[in-house]
Amino acid sequence: QVQLVESGGGLVQAGGSLRLSCAASGRTFSSFAMGWFRQAPGKEREFVAAISWSSGSTYYADSVKGRFTISRDNAKNTVYLQMNSLKPEDTAVYYCSADRAVQFGPKNDYWGQGTQVTVSS
């Protein structure tokens, strides 16, 4: 069983930066991935970025490539999302998520409570 707690959201002007953190606790999987999804009002939840815990391989949505960076701290069981050059279109609730790597996706088993990111123009 895994519990996820996000932090780091807030209000920022366009072009600014934020770093989100997600701390995991509880038992871990032998092979799992962690990542971020986001959901804006009236829109479907969409994938943002993910990282394989074992290999460190990263994956990004095209909309954030070159601006966002996902990383992990194995000792702290924490995943980060560094968000640079933020745009108003990035405004959403960001959710940390985790699951077995083989089934990682929008129906993951574990989700954080979400943290609001608002980018003003």
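Here are the numbers for this structure:
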item: Rounded accessible area per residue of the chain, 1.4 Å, Å²; result: 53 Å²
item: Antiparallel DSSP beta bridges within the chain, percent to nearest 5; result: 90 percent
item: Radius, Kirkwood style, for the chain when every pair of distinct Cα atoms is counted (Å); result: 14.2 Å
item: Distance between the stretch 9-83 and the stretch 99-118 - C-alpha centres, whole angstrom; result: 9 Å
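The values are calculated or read from the model by the stated rules, or taken from the named source; none is laboratory data. If you're wondering where the values come from, they're calculated on a predicted model, not measured in any experiment. Heavy atoms of the whole protein, side chains included, go into the accessibility calculation; ligands, DNA and RNA do not. Shrake-Rupley method; radii C 1.70, N 1.55, O 1.52, S 1.80 Å.
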